[in-house]
Structure formats: structure tokens, C-alpha cells
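One structure is given below, encoded as C-alpha cells.
The values are calculated or read from the model by the stated rules, or taken from the named source; none is laboratory data. Only a predicted model underlies this, so the values are computations on that prediction, with no experimental measurement involved. Glycine gets a Cβ as well: all are built from the backbone with ideal geometry, and neighbour counts include every protein chain shown. Each accessible area value is taken on the protein alone, full model and side chains, heavy atoms only, with ligands, DNA and RNA left out. Shrake-Rupley method; radii C 1.70, N 1.55, O 1.52, S 1.80 Å.
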Amino acid sequence: MRAVELFVEGVSNVEIARAVGVCAESVRRWRRVWEEGGASALRRRAATGRPPKLDDAQVEPVRTALERGAQAHGFEADLWTLERVGVVIERVTGVSLSRASVWRLLTGRLGWSLQRPERRAVERDESEIARWIAHEWPRMRVFTSLCKR
């Protein structure tokens, strides 16, 4: 918009380029666009590109299905992988997505993040572990030291 102000003042393209820190060719292109469509023609537009394969109406049933958990969809463990999510998306919407697209859907549009499961057994008994360390481990250390003799 600074360049537009300078266009109106009649400043040359080279001087404008120097003032705003771009090359003169950019200023020439901006001037041409400004002359044809005014200052509003120079405003940023939303990025164009391929539209998403799933529209907003399709994303909500996917969210609902995923929130039910992986086991609800017939998977043995209740952990989601990109492949499993892709299978559910295809079942719910009929649309097949690549792993990268599944990742973008999960992290971008659904706002989910990567969660790794803890590497501890669910059956872990902290009191039994403490008892073993206090009573059994010292006995084993004595035994192993005797065996080394």
C-alpha cells in the first residue's frame, strides 16, 4: 500500500522499488495491476490450490467416528495409526486419503496432536516393584557376587 501512495504522488518505479525494498519489475507489475483495478486489486487474496477432498460436512462424521475409538471400528487395540484412520475415513465418507492427507486432516482441521502411549504395562504394581527392589534385589546381588569367586 506504500507503493500505491507513491504511485499517486507520481514517484518513479525505480524510486518506489528502492523505497519499499523490492525490484523494479515488481513495482511495474504492481503499477499495472493498480492502473487496471485500483488499490483493492493489490490486496492479498486467499491462497488458491486444490480444494480439500473432504468438505466440512464430511469432516464432522469422521470426527465423531474417530472419537468412538479404534476398537469400536473393529481394531484389536484402541490405538490410532494413520492407516487405521484412513480406513475409517474411507468407510465413513467413501473418500480415500493418502497418509499425508490423513495427517493434515488430523492435525489441521481436527486439531488433534500426536500422542504416544506410555511404555508401561497396565498391570504394573508399584508396591510389588518396591518390595522386590527392597528384598529380592539385594539377595540377587549377594548371590551374583558369590558366583564370581
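Worth pointing out:
- Every pair of residues 6+ apart whose Cβ atoms lie under 8 Å, when the first sits in the stretch 1-23 and is at pLDDT 90 or above while the second is surrounded by 13 or more Cβ atoms within 10 Å (Cβ to Cβ) and part of a loop (DSSP other than H, G, I, E, B): Ala19/Val11
- Screening the candidates Ser96, Ser101 for the property of being touching a residue at least 12 places away in the same chain (Cβ under 8 Å) and open to solvent by less than 80 Å² (accessible area, probe 1.4 Å) yields one hit, Ser101.
- Hits in the stretch 122-139 (condition: in a loop (DSSP other than H, G, I, E, B) and surrounded by 10 or more Cβ atoms within 10 Å (Cβ to Cβ)): Asp125
- When Ala47 is tested against (1) part of a helix (DSSP H, G or I); (2) aliphatic (A, V, I, L, M); (3) open to solvent by 60 Å² or more (accessible area, probe 1.4 Å), exactly one condition is not met: (1).
- Among the residues of the stretch 55-66, those that are open to solvent by 60 Å² or more (accessible area, probe 1.4 Å) and under 18 Å from the mean Cα position of the chain (by Cα) comprise Asp55, Asp56, Glu60.
- Applying the condition of being in a helix (DSSP H, G or I) and touching a Lys or Arg at 6+ places or on another chain (Cβ under 9 Å) to the stretch 89-104 and asking which residue is farthest from Arg50 (Cα to Cα) yields Thr93.
- Verdict on Arg119 being assigned to a loop (DSSP other than H, G, I, E, B), modelled with pLDDT under 95 and exposed (fewer than 11 other Cβ atoms within 10 Å of the Cβ): yes
- Of note, Arg84 does not satisfy the criterion of being charged (D, E, K, R) and open to solvent by 60 Å² or more (accessible area, probe 1.4 Å).
- Residue list for the stretch 24-57, restricted to those being hydrophobic (A, V, I, L, M, F, W, C), closer than 30 Å to Leu106 by Cβ and at pLDDT below 90: Ala46, Ala47
- Among residues of the stretch 38-54 that are touching a residue at least 40 places away in the same chain (Cβ under 8 Å), those with a Cβ under 8 angstrom from a residue that is part of a loop (DSSP other than H, G, I, E, B), sequence gap 6+ or separate chain, pair up as Leu42/Met1; Lys53/Val95; Lys53/Leu97; Leu54/Val95; Leu54/Leu97.
Residue by residue, here is whether (1) hydrophobic (A, V, I, L, M, F, W, C); (2) closer than 13 Å to Gln58 by Cβ holds:
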{"position": "Ala72", "(1), (2)": "yes, no"}
{"position": "Glu76", "(1), (2)": "no, no"}
{"position": "Arg84", "(1), (2)": "no, no"}
{"position": "Val88", "(1), (2)": "yes, yes"}
{"position": "Arg99", "(1), (2)": "no, no"}
{"position": "Arg104", "(1), (2)": "no, no"}
{"position": "Arg109", "(1), (2)": "no, yes"}
